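Down below is the structure, laid out as structure tokens.
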Amino acid sequence: MRGRSWLAAATAALAVSALFAPPAAAEPADTKIEAALVDALEVKDSADFWVLFTEQADLGPASAVADWAARGQAVVDALRSTADRSQAAVRADLDAANVDYQPYFIANALHVKGGSEALAESLAKRAEVKEILAPRTYSLPPLTPGQVQATVDAVEWGVAAIGADDAWADFGARGEGIVVANIDSGVAFDHPALVGKYRGNTGGAFDHNHNWFDPSRVCPSAAPCDNNGHGTHTMGTMVGGDGANQIGVAPGARWIAAKGCESSGCSEAALLASGQWVLAPTDLAGQNPRADLRPHIVNNSWGSSNGAVVDPWYRATVQAWRAAGIFPSFSNGNSGPSCNTSGSPGDNTESYSSGAFDVNGNIASFSSRGPGENGDIKPNLAAPGVNVRSSLPGGGYGANNGTSMAAPHTSATVALMWSAAPSLIGDIARTSELLDDSAVDVDALTCGGTVDDNHVFGEGKLNAHAAVDRSPRGPVGTLTGAVTDSATGTPVASASVTITGPSNRTLSTGANGAYSSTLPVGDYAVAATAFGYGQATGTATVTEGQTVTLDLAITPAPRAEVSGVVRNAQGEAVPGATVQILGTPIAPVTSGADGAYSIANVPHGTYQVRATAGGCNDPSQVELVVDGAEALDITLPARRDSFGHRCALTPSSYVEGDTPLALTGDDAATTVDLPFPFFYYGSTYRQAHVSTNGHVNFLARSTAFGNVGIPATGAPNAAVYPFWDDLLIDAQARVLTKAAGTAPNRTFTVEWRNATIFQQTAIRIDVSVTLSESGGIAMSYRGLDAANPRETGNSATVGIENATGTVALQYSLNAPVLSNDTTIRFVPPPSGTVSGVVTDANDGQPVSGATVKVLTGTSTVATATTGADGAYSLRLLTGDYTVEAAKQHYVTGTSAVAVDGDESTDFALRTRGRS
């Protein structure tokens, strides 16, 4: 994980200073800029930063609105109007200066991307600006494996320990009608314990709009994913259930999710965007926000371990959730057993945080302790958090430890309470009181407090049964039934059953087609549908203490086969491509060696079909109308980054190094001179910094071993990543280089030979990257064991990235796709050179020390200084430019140049004052 993420991008300081003419502020500007940002801007010319505005919306009137949909919209409207008004002048000036930024209404903040020191200082002088902060990354606690505890009456020990199963039996409360969310690493939505509970599951088909949010676009498709496992585990504890695997506290609730954590780290931008999405979920394009579709509860098992220091950064977001009636549940942190270890945002007054206890009722040694902000009792209570078994990506299950596991027990208990007592929905204060009052007191005073309220257990151990029992419930009955296929009479699993009446429910049928729900008494309309079927409807009246049965038969649609061939942009067959019919439960298929695929039994209808192969191919998505057997060939476009690099695969051409570097050990780096100027992402470099960890960059030494997806603003940047992993160059391994060829076709190779991986010395691999004078890059591999995923890249980043960490062409991320047989080539966009000689027009002698500047419009794209012979040379992308030659006491020379290869432009400069 990169600790702090800096974004460097060119911003013209003089232009910004001229555009910004702020009014005087009451507070000195230099006190508003965080010291960490000042330090960053001293290292780089520009950086990402946050601009926080002083004015905050008055959410009191909005929070008093009774209707759920209207209340949420009122909160959003109040936040938006405040942000639009207070940010207007700054946004206008940023637009005029062509500075990239992202506004957020939920916290009245702007995320400036690539701002200069001059820009930060100008903004700090504005009266409406409260402070300017450096970005930081929060963390997901690593999943610490535990031991599986015995189940209790077929439910997990934690579910039984809090009495959730007794609440199901005694009160008919399983979370029906309630929507929970998590902000986490994502969710494996198709896990058997979760897929039936996903709100985007519309009866076998899937609609991810307003149900899933991936702000950093980490997932390979529009469907929810989890590249860490943390989020799938926490969601399972809230709602999971799959036959024998009753892992969830509220298995009747539905779920949605926001991927606020890119992997093990959670950037502030992703967390804030996720918090805003939770308030008003959008479609997959980030449009059409729907406050009425916000969740009732949001679980947050992330944070910072900042001890006694309270970090208020997420406060405004949590306040907005509370105003909208969303219950904000947080883990308290894993930094125990010392006192004053509560993590933020869990230690904020507005947050409801959970500590962790084990199967014996003892507090976990790692469970963070209070006090919290202003001496508040923290954690608010403790919940099961040791050896908690839940769902994991891939369809399996595992036990983990952490307050991350405790918070979902609390979150789901709220779902039980609100399901049993709908009058509590949105009443955060009353719900918190009931949780507090029903918790089981524990005498644990080592960090202060009383038996009733202390800083180890908080209010005590979570008691879901008592919390539901004390909630203001009314008379209930049971509605049950089965959904069947009208043609065959067989049960239809995963059908969606929508119940509308005094209390609304959306259920999913089990493998036997059955559904059942405990409901407040009254008249209900019921509708059933499933993927590939029509809809059936009926009505039922629920009476107190009675069970009413309503069976529904749905009509199947006709089905047909879809088949075809997947090809790349060159018309070649693509084996191993994944072909998926989006928004359906139809399992994806993989193309064969000839690129062919076939999907059987596709119901008639209109679909989006998506093919992906990764590597050097971009995905392709096409619409298909199925009304019979369909032939659909799919062409995958070649991948390119926004600079113009493209990717291609060729048979392996492994190049060995011949000159050993003095580079050994773990997390080391050294600097080498390049034998030719290397043109890379618009800049020319003459040195490279080689790391033991399988990467080369052109800016500064970097020993970063924790690979991430690219582009990423943290170092290294201007980098080439043939195999970025935690490599080790021990006594059996070497790093070598090799210079070959003659101008203009010279090459330079860096080879990691017989490299191993830290703490996995049985692994031995050869990795080679060759830079060409033309700007091309070739990555080759040798000695990879195809049966060992670590050797073929399942923990590595492979690709190229620009100097600011904003543009990249990523071939693979943590995917076992590398091969001994294949070289990965990165081909740059066309370029050429502008060269010439600058002379004195009076005597024809060379002018040394002249500055030659190449411009596009008014923007400088390259500069050079003439040598003693007056000569200069610059490599540029093909295009039209203005070239200027200047030196003190001379009149600047200007020439228009169209670069389409190698161009020659000489300048004869006149001395000022001469005609």
Next on the checklist: Given the criterion touching a Phe, Trp or Tyr at 6+ places or on another chain (Cβ under 8 Å) and assigned by TED's automatic domain parsing to the domain that holds ALA383, identify the matching residue among VAL249, VAL239.
Outcome noted: VAL239
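Need a quick list: helices (runs of 4 or more DSSP H) entirely within the stretch 1-119 having at least 2 residues that are at pLDDT 95 or above.
Numbers: elements: 13-19, 35-43, 60-63, 68-96.
Correct list: 68-96.
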Item to check | One residue from ASP436, ASP453, ASP469, ASP441 being over 30 Å from GLY522 (Cα atoms), in contact with a helix residue (DSSP H, G or I) (Cβ under 9 Å, 6 or more places away or on another chain) and among the charged types (D, E, K, R) | outcome: ASP453
Next on the checklist: With the requirement that a residue be under 15 Å from ALA280 (Cα atoms) and among the basic types (Lys, Arg), what does the stretch 64-123 give you?
Outcome noted: ARG71, ARG80
Checklist entry - For VAL847, which of the numbered conditions (1) touching a strand residue (DSSP E or B) at 6+ places or on another chain (Cβ under 6 Å); (2) among the hydrophobic types (A, V, I, L, M, F, W, C); (3) closer than 23 Å to PRO711 by Cβ fails to hold? => result (3)
Checklist outcome for this item: Residue pairs qualifying under the 7 Å Cβ cut-off, at least six apart or on distinct chains, with the first in the stretch 548-563 being under 12 Å from ASP627 (Cβ atoms) and the second being surrounded by fewer than 14 Cβ atoms within 10 Å (Cβ to Cβ) and of a type in the set (A, V, I, L, M, F, W, C), are ALA560/ALA629
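Residues ALA688, ALA593, ALA629, ALA613: which one is touching a strand residue (DSSP E or B) at 6+ places or on another chain (Cβ under 8 Å), under 23 Å from THR797 (Cα atoms) and not assigned by TED's automatic domain parsing to the domain that holds PHE723?
On the way: ALA688 fails: not assigned by TED's automatic domain parsing to the domain that holds PHE723; ALA593 fails: under 23 Å from THR797 (Cα atoms); ALA629 fails: under 23 Å from THR797 (Cα atoms).
When all the criteria are applied, what remains is ALA613.
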Checklist outcome for this item: Of the listed residues (ASN601, ASN617), the one being on the phi > 0 side of the Ramachandran plot and of a type in the set (S, T, N, Q) is ASN601
Checklist entry - Would the stretch 121-132 turn up any residue that is in contact with a Leu (Cβ under 8 Å, 6 or more places away or on another chain), acidic (Asp, Glu) and under 26 Å from ILE326 (Cα atoms)? => result no
Next on the checklist: I'd like to know if the stretch 544-551 contains one or more residues that are crowded, with 17+ Cβ neighbours inside 10 Å and either in a strand (DSSP E or B) or of a type outside the set (A, V, I, L, M) (or both).
Outcome noted: no
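If you go through the stretch 329-336 one residue at a time, do you hit one that is of a type in the set (Phe, Trp, Tyr) and under 24 Å from the mean Cα position of the chain (by Cα)?
Just the residues of the stretch 329-336 that are of a type in the set (Phe, Trp, Tyr), to begin with: 330.
So of that shortlist, the ones also under 24 Å from the mean Cα position of the chain (by Cα) come out as 330.
The answer is yes; a qualifying residue exists.
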Checklist entry - VAL90: free of Cβ contacts under 8 Å to residues at least 60 places away in the same chain and within 19 Å of SER46 (Cα to Cα), yes or no? => result yes
Checklist entry - So which strands (runs of 3 or more DSSP E) are wholly in the stretch 695-812 and hold at least 1 residues that are surrounded by fewer than 19 Cβ atoms within 10 Å (Cβ to Cβ)? => result 734-740, 747-757, 760-772, 777-782
Checklist entry - Does ALA74 meet the test of being of a type outside the set (D, E, K, R) and either over 19 Å from THR317 (Cβ atoms) or assigned by TED's automatic domain parsing to the domain that holds ILE428 (or both)? => result no
Checklist entry - Do we have TRP168 as surrounded by fewer than 21 Cβ atoms within 10 Å (Cβ to Cβ) and within 30 Å of TRP418 (Cβ to Cβ) here? => result no
Checklist outcome for this item: Of those in the stretch 817-831 that are crowded, with 17+ Cβ neighbours inside 10 Å and more than 12 Å from VAL767 (Cβ to Cβ), the residue nearest to the chain's Cα centre (by Cα) is VAL817
Checklist entry - Looking only at the stretch 570-582, which residues are among the aliphatic types (A, V, I, L, M) and modelled with pLDDT of 90 or more? => result ALA573, VAL574, ALA577, VAL579, ILE581
Next on the checklist: List the residue pairs whose Cβ atoms are under 8 Å apart, where the first residue sits in the stretch 825-841 and is in contact (Cβ under 8 Å) with a residue 40 or more places away in the chain, the second is among the aliphatic types (A, V, I, L, M) and part of a loop (DSSP other than H, G, I, E, B), and the two are 6 or more positions apart or on different chains.
Outcome noted: VAL838/VAL847; VAL838/ALA850; THR839/VAL847; ASP840/VAL847
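Got a sec? Which strands (runs of 3 or more DSSP E) wholly within the stretch 589-675 have at least 1 residues that are loosely packed, with under 13 Cβ neighbours inside 10 Å and of a type in the set (D, E, K, R)? Quick ask: steps written out before the conclusion?
Working: elements: 596-603, 605-612, 620-626, 634-636, 646-651.
Per the criteria, 620-626.
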Item to check | Subset tally (residues that are of a type outside the set (A, V, I, L, M, F, W, C) and either assigned to a strand (DSSP E or B) or surrounded by 24 or more Cβ atoms within 10 Å (Cβ to Cβ) (or both)) for the stretch 242-291 | outcome: 15
Checklist entry - If THR851 passes every condition in (1) at pLDDT 95 or above; (2) buried (at least 19 other Cβ atoms within 10 Å of the Cβ); (3) closer than 30 Å to ALA97 by Cα but one, which one does it miss? => result (2)
Next on the checklist: All but one of (1) in a strand (DSSP E or B); (2) surrounded by fewer than 16 Cβ atoms within 10 Å (Cβ to Cβ); (3) not aromatic (Phe, Trp, Tyr) hold for GLY913; state the number of the condition that does not hold.
Outcome noted: (1)
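Just give me the residues in the stretch 767-782 being touching a Pro at 6+ places or on another chain (Cβ under 6 Å), more than 12 Å from LYS738 (Cα to Cα) and modelled with pLDDT of 95 or more, in sequence order. Steps first, answer last, please.
Kept after step one, since they are touching a Pro at 6+ places or on another chain (Cβ under 6 Å), are these residues of the stretch 767-782: 767, 769, 773, 775, 779.
Next, from what is left, pick out any that are more than 12 Å from LYS738 (Cα to Cα): 767, 773, 775, 779.
Across the stretch 767-782, the qualifying residues are VAL767, MET779.
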Next on the checklist: Take the residues in the stretch 208-241 that are in contact with a helix residue (DSSP H, G or I) (Cβ under 6 Å, 6 or more places away or on another chain) and assigned to a loop (DSSP other than H, G, I, E, B); name whichever of them is modelled with the lowest pLDDT.
Outcome noted: SER216
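Yes/no matrix, rows are residues, columns are (1) touching a residue at least 40 places away in the same chain (Cβ under 8 Å); (2) outside any loop (DSSP other than H, G, I, E, B):
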| residue | (1), (2) |
| --- | --- |
| ALA482 | yes, yes |
| SER503 | yes, no |
| THR506 | yes, yes |
| LEU519 | yes, yes |
| PHE531 | yes, no |
| THR537 | no, yes |
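Go through the stretch 133-160 and give me each residue that's of a type in the set (A, V, I, L, M), surrounded by 23 or more Cβ atoms within 10 Å (Cβ to Cβ) and in the same structural domain as PRO251 (by TED's automatic domain parsing).
First pass over the stretch 133-160, keeping only residues of a type in the set (A, V, I, L, M): 133-134, 140, 143, 148, 150, 152, 154-155, 159-160.
Going one step further and asking which of them are surrounded by 23 or more Cβ atoms within 10 Å (Cβ to Cβ), we end up with 140, 159.
Hit for the stretch 133-160 is VAL159, nothing else.
The values are calculated or read from the model by the stated rules, or taken from the named source; none is laboratory data. Quick caveat, the model's predicted, so the values are computed rather than measured. In this analysis, Cβ positions are derived from the backbone assuming ideal geometry, glycine residues included, and neighbour counts consider all displayed protein chains.
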